[in-house]
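Comments concern the structure below.
The values are calculated or read from the model by the stated rules, or taken from the named source; none is laboratory data. Predicted model, so just to flag it, every value in this text is computed and none were measured. Cβ sites come from the backbone with ideal geometry, for glycine too, and all protein chains shown count toward neighbours.
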Amino acid sequence: MPYLKPERPEKVSAPSLIASKARGERMVCLTAYDYPTARIVDEAGIDVILVGDSLGNVVLGYGNTVPVTLEEILVHVKAVRRGVERALLVADMPYGSFHTGADDTVRSALRLVKEGEAEAVKLEGGQKRVKLVKRLVNEEIAVMGHIGLTPQSINQLGAYRVQGKTADAARRLLDDALALEDAGVFSIVLELVPREIARMITESVKVPTVGIGAGVHCDIQVLVFHDLVGMAFGKLPRFVREYANLRETITDAVTRWAEDVRNGTYPSEQESYGLPAEAAEELNIEIKKVKT
């Protein structure tokens, strides 16, 4: 019997996410930065895959997301694209790719969509980014907004802190969300926001909210893949729940392999290739001739 590929849910799109919110469905999003991870995550049924500028922290070893370049994002988007079939693929617009005017912003986004084959881009910032969002949307580019803690602003913020903890700050976040929705975003990331404020925003907008450290009431939950599977270094944020410890598993595998190499038990005969008997016999004769 020929192999039958298992049926999978329909392809996720920006409009389908909005429709899912209207039906009250909970959705999931994970980051991915390479082909094998993207394929695993996509086949696991994740709805949205984000090639986030968090790759600066968890893949490239930077101290924060600020140094990440458009070229670096592009390399990883292309790799992830090859592993994704169903999920909506979103590419982060890194720091500096949208700060020098609308035309430059469009050029950067077009590269992510045309060269990287991303289906949407993510842009940090609230009301101050509205003009850029409108321009991108007018150019038929789907945009995911991002408010609350915006990691690209770390040099201005000074530290990663919960945002919207006062009444005035909460109102500004709501105004940001409403402005982004009016500008045409298909979803809005809420990062490090009190759960009460996240719920208020989620109930106030028709587009899905994407929560990370924002409580249970957001329409979509997102985590950094490396945090989820225990491959992060350093202290994890409070909102992270580890579902595996791949760092420990990988360390154990590498250590055992190295020990086997050093004590001569790897590779074994079964893990090596031998000559066919006839060739071995001929070679043995030739060796004897050389010795005599």
Those residues that are in contact with a Gly (Cβ under 7 Å, 6 or more places away or on another chain) and over 20 Å from Ala120 (Cβ atoms), I need them from the range 39-63; list them, please.
-> Tyr62
Going through the range 135-159 one residue at a time, which ones are farther than 14 Å from Met200 by Cβ, in contact with a helix residue (DSSP H, G or I) (Cβ under 7 Å, 6 or more places away or on another chain) and not β-branched (Val, Ile, Thr)?
-> Arg135, Leu136, Glu139, Ala142, Gly145
Scanning the range 73-120 for residues that are acidic (Asp, Glu) and not in a helix (DSSP H, G or I), which turns out nearest to the chain's Cα centre (by Cα)?
-> Asp92
Any residue in the range 50-64 that is modelled with pLDDT of 95 or more, surrounded by fewer than 22 Cβ atoms within 10 Å (Cβ to Cβ), in contact with a helix residue (DSSP H, G or I) (Cβ under 7 Å, 6 or more places away or on another chain) and over 15 Å from Val224 (Cα atoms)?
-> yes
Selected residue (criterion: modelled with the lowest pLDDT) from residues of the range 10-42 that are more than 23 Å from Ile73 (Cβ to Cβ) and among the acidic types (Asp, Glu) | Glu10
Quick one: how many residues across the range 155-207 are part of a loop (DSSP other than H, G, I, E, B) and farther than 30 Å from Val58 by Cβ?
-> 3
Considering Asp168, Asp104, which residue is at pLDDT 95 or above, assigned by TED's automatic domain parsing to the domain that holds Arg238 and exposed (fewer than 14 other Cβ atoms within 10 Å of the Cβ)?
-> Asp168
For Lys131, state whether it is part of a helix (DSSP H, G or I), out of contact with any strand residue (DSSP E or B) (no Cβ under 8 Å at 6 or more places or on another chain) and either under 18 Å from Val185 (Cα atoms) or not assigned by TED's automatic domain parsing to the domain that holds Val210 (or both).
-> yes
Of the residues in the range 136-164 that are exposed (fewer than 13 other Cβ atoms within 10 Å of the Cβ) and charged (D, E, K, R), the one that is nearest to Pro15 (Cα to Cα) is Glu140
Which one of these is of a type outside the set (Gly, Ala, Ser) and in the same structural domain as Leu89 (by TED's automatic domain parsing): Leu283, Leu275, Leu236?
-> Leu236
Within the range 208-238, how many residues turn out to be closer than 17 Å to Arg171 by Cβ and assigned to a loop (DSSP other than H, G, I, E, B)?
-> 1
Mind listing whichever residues of the range 90-117 are closer than 17 Å to Val130 by Cβ and touching a strand residue (DSSP E or B) at 6+ places or on another chain (Cβ under 7 Å)?
-> Met93, Phe98, Ala109
Quick one: would you say Gln152 is in contact with a Phe, Trp or Tyr (Cβ under 7 Å, 6 or more places away or on another chain), farther than 16 Å from Val48 by Cβ and not in a loop (DSSP other than H, G, I, E, B)?
-> yes
Tell me which of these Val216 doesn't satisfy, since it passes every other one: (1) in contact with a His (Cβ under 7 Å, 6 or more places away or on another chain); (2) of a type in the set (A, V, I, L, M, F, W, C); (3) exposed (fewer than 14 other Cβ atoms within 10 Å of the Cβ).
-> (1)
Of all residues in the range 239-262, which are among the polar types (S, T, N, Q) and surrounded by 11 or more Cβ atoms within 10 Å (Cβ to Cβ)?
-> Asn245, Thr249, Thr251
Going by the conditions given, is Gly116 over 18 Å from Pro67 (Cα atoms), at pLDDT 95 or above and touching a Phe, Trp or Tyr at 6+ places or on another chain (Cβ under 7 Å)?
-> no
